[in-house]
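> I'd like to ask you about the structure that follows.
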Amino acid sequence: MKVLSPVSLSGIRAQAAQHWQATFGGWHSGRPVITVGMATCGRAAGAMDVLQALRDELARLELDCPVVEVGCTGHCYAEPLVTIYKPGYPAICYGYVNPVIARTLLREFLQGDNPCPEFVLGALETNDLVPSFADFPRAKYETRLLLKNCGQIDPEQIEHYIANGGYAALEKALQITPEEVITEIKEARLRGRGGAGFPTGEKWEMCRRAPGRPKYVICNADEGDPGAFMDRAVLESDPHSVLESLIIAGYAIGAGQGYIYVRAEYPLAVQRLRLALRQARQHNLLGRHILGNAFSFDVRLFLGSGAFICGEETALIASLEGEAGIPRHRPPYPAEHGLHGKPTLIDNVKTLGCVRHIIRDGAKAFAAIGTQKSTGTAVFALAGKVVNTGLVEVPMGTTLRQIIFDVGGGIPKGKRFKAVQIGGPSGACLPESALDLPVDFDSLTDAGAMMGSGGMVVLDEDDCMVEIARYFLQFTQRESCGKCTFCRLGTRQMLAILDDITKGKGKPEDIAVLAELAEDVKAGSLCGLGKTAPNPVLSTLRYFRDEYEAHVKEGRCPALMCQDLINYYIIPEKCERSCDACVGTCTVEAISPNSKRIKVIDQAKCVKCGLCLPACPIKYGAIIKQSPPQVQK
Amino acid sequence: MKTVTLSIDGKKVFAHTGEKVLWAALDNGIYIPNLCAMRENSEEPMTACRLCFVEIEGYAQPVTACTEPVREGLEVSTRGERALRLARSGLELLLASHPIECARCPVNRACELQRMAAHLGIKLKTRRLRKFVHEFPIDSSSPLFVYDPNKCVLCGRCVFICQKLPGTPAIGFAHRGFDRRVTTCGDEPIGNRCGDCTECVSACPSGALVFKSRSPAADGS
């Protein structure tokens, strides 16, 4: 591409390096730095108070130490996180910090010389003093690509991003032709991270070749799966990485206008994206003649209004055009007929996040990570019954067992693993036998699941699979737009059946009808939402049919989760007559002693709140939860 | 305009390029169940009713005939078991949410739902599925027609026609999921908004919109 006036990043880069040096450089030359994780996960855990406490205490102690607000490191389970870079020490990250601990750290470690090992989560590098993150079992698997900057830089400072190699990919892309950019993406064999895994390079090429102008690129940041928060973390912790890739995408397909369709429910992400756009414009990374090239491009932020269906690309486009977010038939695909009828490229946040790495480090380096058919890394939001909830990034092909047990630290409270719900409401529940499955697009599809957007909810023995299926179907049923028959009415019928089964009102033929409907909704629905909505039901029917049968035939919930199929019961032989612990906890006065002073639960009064269960001293263990419900005589 | 030859249920059929399989079939006397398909928007069909499934040689899955363009040598079957199963299931779902009171219905025997049920060989009263019928109030505010939202199958034909005609459209879709319905802006009585062209009534396949002249019972309500 013709260079109008030779402007490069080098000027900005020197300035950024200086800025970075001014903040973090002191670590090696005498001045400490503190970073605090201030993404939504940190704030929810109380990072605002910790930040304030740190600032107040630093002022009181008259210490010269900048406090930098960073994003999410992925260790969300241990938030709030504070990292102290003290000269002469390794950078040490402290977990579960509260204002009191924060003040203690400043006095003991910053002023004194005691690194307070009792509060240490891990040091950022290996050392002889305190345990480091490299010693964590997860370190063996984690490969940080998208999350590399997350939690390490201040997302509100473009200088931090540039000083860490930011916008180098854009600079490189502008020096080669758009076709070469696309070739690079194709050679990296990048596949869409939004769920279906469509080859990204092919989509770009289709869009570049499609006739019609202007063209548009859209970043799909309408992350709505229950239990998924990868996009949020990336947008909050490293917004420029998404923006840079979006500009590259715009250059590659020949677009002049880009959009970021972001959930309005992510206020912090919106705020940081807005700031990132402003900073990028100031530095001529957006706008007319980007970095002195003939390429002009700008990005607008569009706030979604809370409909899950708007994550579907045709619905997203309708929403962007000001219509109701309702999908239409594909083809034509948006790459040929998208926003305002023009060729439009839509990519997920994580797909775009990979782009800058491919361009900067080359397709070969990217394709070397992961498997042959699924290259690169997979980012998962680990949630549910797992010790280390949070974000993980591992190479594609890592097994579920490694992710859940090594990275996630296994199941808390010594419970037994039952299933993992992968891919959110469009995904599936996979049982223990599938744990050695490598996580890549094709293996998961073969197992009846799908990569989905990256939610991973771990379930243990206390989770009822029928109830889990019902929960996810209730979500999709509520989020159905109602346009097509199968999704609008089929999910409604399926939900009614599941409701009945979890309430013990299921009829023997219900399971067969449920399976038939699930297959029809999957085959007959118009868009991806309807086509994948039955997956939680189909997968639980495939792997946990015995639980459905126990509900229907015996009125029994094997996991003791369905409220209508359980009751609490006091074993008369075990009840210690002189103890009244359970009586006091009952909020509805359902427990009273009989003539022999043995406590009895009045099942008519009992609301099954479960408070009495832990109240009964372990040495008696007289209260049990049972299914099917039986009444004490 | 170029024509292509395709076969539908073994019958040789000529069609214009760009035409959709559904219209090629209907024009040649081969019925495929459908509700939302309209000639006026056959270029960009609504694809909402999901009933016109057909099987095409070489395709892994049944497809909707309203979206599938004709091609030379295409072999279409409207009687494939998988396509029929989807059509039956879709119609059954619609019927399970439609009040089955045909004897009292003004469009009895002229009803598209009855016709499709007969064609597909299914009963109007489903035993497999649960009954979910809305209980919206009946709107008889227009001097010429009555609108019973409970009988609506959400095919969208009336909305398409109303929005295509000159002037401000009176009706559109509102709400989502199971609550989606055809209504006026702000749920006002339809008579306040409508110019009484009654094009929508002629388009309605299910008895949700009927002329008052055909429906003396609903007149007084």
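The values are calculated or read from the model by the stated rules, or taken from the named source; none is laboratory data. Computed from a predicted model, the values in this text were never measured in an experiment. With ideal geometry, Cβ positions are generated from the backbone for all residues, glycine too; neighbour counts draw on all protein chains shown. Side chains are part of the model used for accessible areas, which takes the heavy atoms of the whole protein and leaves out ligands, DNA and RNA. Shrake-Rupley method; radii C 1.70, N 1.55, O 1.52, S 1.80 Å.
> Of the residues that make up the range A:162-170, is at least one within 30 Å of A:GLY423 (Cβ to Cβ) and in contact with a His (Cβ under 9 Å, 6 or more places away or on another chain)?
Yes, the range A:162-170 has at least one match.
> Can you confirm whether A:ALA515 is within 14 Å of chain B (Cβ to nearest Cβ), modelled with pLDDT of 95 or more and out of contact with any helix residue (DSSP H, G or I) (no Cβ under 8 Å at 6 or more places or on another chain)? Please lay out each step first, then the result.
Numbers: within 14 Å of chain B (Cβ to nearest Cβ): yes; modelled with pLDDT of 95 or more: yes; out of contact with any helix residue (DSSP H, G or I) (no Cβ under 8 Å at 6 or more places or on another chain): no.
In short, no.
> Among all residue pairs at least 6 apart or on different chains, which show Cβ distances below 6 Å where the first residue, located in the range A:414-428, is under 14 Å from A:LEU538 (Cβ atoms) and the second is open to solvent by 10 Å² or more (accessible area, probe 1.4 Å) and part of a loop (DSSP other than H, G, I, E, B)?
A:GLY423/A:MET450; A:GLY427/A:MET450; A:ALA428/A:GLY448
> Which of (1) under 17 Å from the mean Cα position of the chain (by Cα); (2) touching a residue at least 40 places away in the same chain (Cβ under 8 Å); (3) outside any loop (DSSP other than H, G, I, E, B) is the odd one out, the single condition B:HIS98 does not satisfy?
It is condition (3) that B:HIS98 fails.
> I want to confirm something. Restricting to the range A:480-495 and keeping residues that are farther than 15 Å from B:LEU86 by Cα and more than 7 Å from chain B (Cβ to nearest Cβ), which single residue is farthest from the chain's Cα centre (by Cα)?
Checked the range A:480-495; the qualifying residue farthest from the chain's Cα centre (by Cα) is A:MET494.
> Could you say whether any residue in the range A:284-292 is under 26 Å from A:ARG488 (Cβ atoms), open to solvent by less than 10 Å² (accessible area, probe 1.4 Å) and more than 14 Å from chain B (Cβ to nearest Cβ)?
Looking through the range A:284-292, none of the residues is under 26 Å from A:ARG488 (Cβ atoms), open to solvent by less than 10 Å² (accessible area, probe 1.4 Å) and more than 14 Å from chain B (Cβ to nearest Cβ).
> Scan the helices (runs of 4 or more DSSP H) fully inside the range A:72-184 and keep the ones with 3 or more residues being open to solvent by less than 10 Å² (accessible area, probe 1.4 Å).
A:158-163, A:168-175
> Right, something else. Kindly indicate whether B:ALA103 is away from chain A (no Cβ under 14 Å), surrounded by fewer than 13 Cβ atoms within 10 Å (Cβ to Cβ) and at pLDDT 95 or above.
no
> Give me a count of the residues in the range A:216-240 that are surrounded by fewer than 24 Cβ atoms within 10 Å (Cβ to Cβ) and in a helix (DSSP H, G or I).
0
> Out of all the residues in the range B:3-36, which are surrounded by 15 or more Cβ atoms within 10 Å (Cβ to Cβ), in contact (Cβ under 8 Å) with a residue 60 or more places away in the chain and among the β-branched types (Val, Ile, Thr)?
Hits for the range B:3-36 are B:VAL4, B:ILE8.
> Being among the aliphatic types (A, V, I, L, M) and under 24 Å from A:VAL299 (Cβ atoms) is the filter here, so list the residues in the range A:326-385 that pass it.
Initially, the range A:326-385 is screened for residues among the aliphatic types (A, V, I, L, M), giving A:326, A:335, A:339, A:345-346, A:349, A:352, A:355, A:358-359, A:363, A:365, A:367-369, A:378-379, A:381-383.
Correct list: A:ALA335, A:LEU339, A:LEU345, A:ILE346, A:VAL349, A:LEU352, A:VAL355, A:ILE358, A:ILE359, A:VAL379.
> When you scan the range B:95-111, do you find a residue that is at positive phi and of a type in the set (D, E, K, R), even just one?
There is at least one residue in the range B:95-111 that is at positive phi and of a type in the set (D, E, K, R).
> Just one of A:ILE253, A:ILE309, A:ILE248 is on the phi < 0 side of the Ramachandran plot, open to solvent by less than 10 Å² (accessible area, probe 1.4 Å) and either touching an Asp or Glu at 6+ places or on another chain (Cβ under 7 Å) or of a type in the set (Lys, Arg) (or both); which is it? Give the derivation first.
Working: A:ILE253 fails: either touching an Asp or Glu at 6+ places or on another chain (Cβ under 7 Å) or of a type in the set (Lys, Arg) (or both); A:ILE248 fails: either touching an Asp or Glu at 6+ places or on another chain (Cβ under 7 Å) or of a type in the set (Lys, Arg) (or both).
Residue meeting the stated conditions: A:ILE309.
> For the range A:519-533, how many residues are farther than 15 Å from A:CYS484 by Cα and either among the polar types (S, T, N, Q) or open to solvent by less than 30 Å² (accessible area, probe 1.4 Å) (or both)?
Total satisfying the criteria: 0.
> Sort out which residues of the range B:37-74 are within 12 Å of another protein chain (Cβ to nearest Cβ), on the phi > 0 side of the Ramachandran plot and open to solvent by 10 Å² or more (accessible area, probe 1.4 Å), and write them in order of number.
Selection gives B:ARG50 alone.
> Which helices (runs of 4 or more DSSP H) sit wholly inside the range B:121-221 and have at least 2 residues that are buried (at least 21 other Cβ atoms within 10 Å of the Cβ) and in contact (Cβ under 8 Å) with a residue 12 or more places away in the chain?
B:157-164, B:199-203
> Let me spell it out: the conditions are (1) among the small types (Gly, Ala, Ser); (2) over 25 Å from B:THR47 (Cα atoms); (3) within 14 Å of chain B (Cβ to nearest Cβ), and A:GLY322 meets all of them except one. Which number is the exception?
Condition (2) is where A:GLY322 drops out.
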